[in-house]
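Reviewing the structure listed below.
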Amino acid sequence: MKDPFGHSFGHSTPRIDGIAKVTGAALFSSDEPVANPAFAYLVTSAIARGRIGGFSLDQARAVRGVLDILTFQNVGHQAKPAPGPDGKASTTSLESDRIWHDGQIIAIVVADTYEAAREAAHKVRVAYLAESPSATFDSPGIETEARRIERTPNPAKGDAEAAFASAAVRIEARYSTPAQHHNAIELFTTTCAWNGPKLTVYEPSQFMWGSKALTATRLDLDPDDVRTISRYVGGAFGSKGPNPRTAWVAIAARRVGRPVKLVPTRDQGFTIATFRAETRHHLKLGAARDGKLVSLSHAGWEVTSRPSGYNVAGVESTARMYACPNIATAVNVVHVDRNTPGYMRAPPETPYMFALESAMDELAYALDMDPIELRRVNDTQIDPVAGIPYSSRSLMECFDRGAERFGWGRRSAKPNSMFDGEWLVGYGCATACYPANIGPAAARVSISPDGKAIVAIAGHEIGTGAYTTVAVTAARALGLNVRDVKVNMGDSDLPPIVIAGGSNNTASATHAVVKACEVLRGRMAAAAVESSDSPLRGSDPDALTLANGRLTGINGEGESLDKAVMRTGYRLEAYAEYVPPGLPASAIADLTKGKVSILSGAARKDVTAYAFGAHFLEVRVHERTREVRVARVVSAFAAGTIVNPKTAHSQFMSGALWGLSSALLEAAELDLGTARYVNRNLADYLVPVNADVPTIEIIMLPERDDRVNPLGVKGIGEIGIVGMNAAVANAVFHATGKRVRELPIRLEQLL
Ligand code: MOS
């Protein structure tokens, strides 16, 4: 594979879809025009556990314009059960009379207008057979079990307990993180339209082919009859995978003989989709006097629903962060009467690295050591669990560059020793990491004699700038200007790519696109070297390159692209599939069936592949009110080849901002008696406003990684958030001398 990036940073390209987005020309799913739609409104459960004794629908049916009301009684058997995020049972469905959680979908009203559907939904009367629910950790009636080990055992080595007992310096602490919800600005919409046996689904999706496959399977349709479209997604963050709602909306559309559009409300989004579950952690770190770790134990507890064993098991990352001879880990799932949780931006690392990076900070103070130096003495180029090298690891370069830029040297070592008027000042830092994942992808690239290329891939623009990174990739590989590359994505009629999750999609897409471009280059080269009138006649076709709109030989001889294309025919098109080594050859075919295989950077046999980073921040805590303000942030990342620095910078920056938000503001609050969220809106579920956003400076370190994958691309979508919560807690400790081990950090914890 020819590497168009040369492992260097790409040229910074503004979003090619930027104008469409700011002018409203970009179509989000619920904007897609459908003829004569009916509107759906969800009826959700008012209890968290029990059964539905019966419905009384007369009042609802009497509302003018009501067309249909779907319940388990009339449609429950018409769709096969939808699996949850762990592939096992789901909890959000119309399948039976069973209530698994508050806010579960129990009926769908369809009407001529949204208003009529909403009015009728409020007139649906439900007789519940209620049982008392278990809300969360410590609630009566919860069931706790060790996570079912499916792929790999919990990371472990040596004898962590004995090493801890005899360690010179010991830290033992418990940490916790709250439930959080994605709260994308775009709601969880679904529109379904039938044309005879053909179904078109307009729905924001992180996995085009998966949404298509799941809908076909659940409704027993020929997959060729189902098309999903999702050209733009208004925020996903892990919440917009294949989901249980689609099939019910399709059934509704079939029953009323019209397209049906569902736009659930903001508060329904808290219970009809997945969320980040609350977690607890028990950390034990033992170290020698020089700071070297001798023992690391990390046990986690995660909330899940009654039927699902879903868990994120971030010990896979925390166990391999630092050199340590003795490691023990465990993960427990706690079943409660809530919806099944799911992926939310850096699902494992966000909560688990909070615990580890807070404990590392506590250890640094116990050792009277600079927190950066503690990371340095425990840095390693060998994964301590698997015993294999990292593909590349520039963690300390990130710390050193970040520290210099931040002015870490001005920090006074003692907590509660820096002031600015009435404000206590604190500096904090923490490690960021995220596995470099990659999955299978296919792409079709065509080029016409006028030098314009079209790339087709069923990729996902979830806000990350994917249209632009794909365009940049093809432009580089074909020697074209980015403006001459058109990208078609977000349509299951296009070649499949793995789910946009685990920050894999840039790595996955670029390899397929480059491979297809390489086929085009090869065809042009083969035709040129055989043409009697070409200056490239007789050249080695493998030595010909594409640059600046020309096909060029090693001595600079060559010809323009239009000639090179014409020699092969007027429109040159290639389809290519990329399957990362280590994944089954069937990986592309599997995608079309909705089955995902991802080469996880944390589970490779040859190398352990992660991107790394270091966060630095300054907090100010008011001496009397204890209000916490973040004054400034510097975050440095080394994440391999950066395909498009401009959009990458935005990803890192918004990730860091979400980390601040996650540390100081965000929590879905539960009423413990009813297992119901009480802040299901954007007024009470706190997210940062502009006044909460400090200066965030992002440093992108050049990093060349030949081992992670041919193009050296690591994921960047999620690493920004990881560790930021700990950096905030560490800075708050430095400012105040108070260690907060429970997120979010609020002023009442600092009184
Ligand atoms: Mo993500 S939580 O991998 O969209």
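See the values below:
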read-out: Residues that are at pLDDT below 95 and not hydroxyl-bearing (S, T, Y), drawn from the range 149-181; value: I149, E150, R151, P153, N154
read-out: Some residue of the range 532-550 being open to solvent by 50 Å² or more (accessible area, probe 1.4 Å), assigned to a loop (DSSP other than H, G, I, E, B), free of Cβ contacts under 8 Å to residues at least 60 places away in the same chain and of a type in the set (A, V, I, L, M); value: no
read-out: Within the range 461-480, tally of residues that are more than 14 Å from the ligand (Cβ to nearest atom) and in contact (Cβ under 8 Å) with a residue 60 or more places away in the chain; value: 12
read-out: Pairs, first touching a residue at least 12 places away in the same chain (Cβ under 8 Å) in the range 486-510, second charged (D, E, K, R) and within 11 Å of the ligand (Cβ to nearest atom), C-beta under 6 Å, six or more apart; value: S503/E718
read-out: The listed residue being in a helix (DSSP H, G or I) and in contact with a strand residue (DSSP E or B) (Cβ under 8 Å, 6 or more places away or on another chain), out of Y365, Y352; value: Y352
read-out: Condition check for R254: farther than 30 Å from E119 by Cα, more than 16 Å from the ligand (Cβ to nearest atom) and of a type in the set (K, R); value: no
read-out: Given (1) touching a strand residue (DSSP E or B) at 6+ places or on another chain (Cβ under 6 Å); (2) closer than 20 Å to R345 by Cα; (3) of a type in the set (S, T, Y), index of the condition T246 fails; value: (2)
read-out: Test: T674 is over 30 Å from D3 (Cβ atoms) and either open to solvent by 70 Å² or more (accessible area, probe 1.4 Å) or among the aromatic types (F, W, Y) (or both); value: no
read-out: Exclusive hit being surrounded by 13 or more Cβ atoms within 10 Å (Cβ to Cβ) and within 24 Å of S358 (Cα to Cα), set P133, P155; value: P155
read-out: Filtered residues of the range 307-334 (kept if away from the ligand (no atom under 16 Å from the Cβ), open to solvent by 10 Å² or more (accessible area, probe 1.4 Å), modelled with pLDDT of 95 or more and under 30 Å from E131 (Cβ atoms)); value: N332
read-out: Residues (within 30 Å of G50 (Cβ to Cβ) and without any contact (Cβ under 8 Å) to a residue 60 or more places away in the chain) located in the range 310-357; value: V312
read-out: Index of the failed condition, A432 passing every other in (1) surrounded by 22 or more Cβ atoms within 10 Å (Cβ to Cβ); (2) more than 28 Å from T608 (Cβ to Cβ); (3) touching a Gly at 6+ places or on another chain (Cβ under 6 Å); (4) among the small types (G, A, S); value: (2)
read-out: Residue within the range 709-725 that is acidic (D, E), more than 16 Å from the ligand (Cβ to nearest atom) and either at positive phi or in contact (Cβ under 8 Å) with a residue 12 or more places away in the chain (or both) present; value: no
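The values are calculated or read from the model by the stated rules, or taken from the named source; none is laboratory data. Bear in mind that the values here come from a model prediction, so they are computed numbers and not experimental data. Reconstructed Cβ throughout: ideal geometry from the backbone, glycine too, with neighbour counts over all protein chains shown. Ligands, DNA and RNA are stripped out before the accessible areas are found, and what is left, the full protein with its side chains, is counted by its heavy atoms. Shrake-Rupley method; radii C 1.70, N 1.55, O 1.52, S 1.80 Å.
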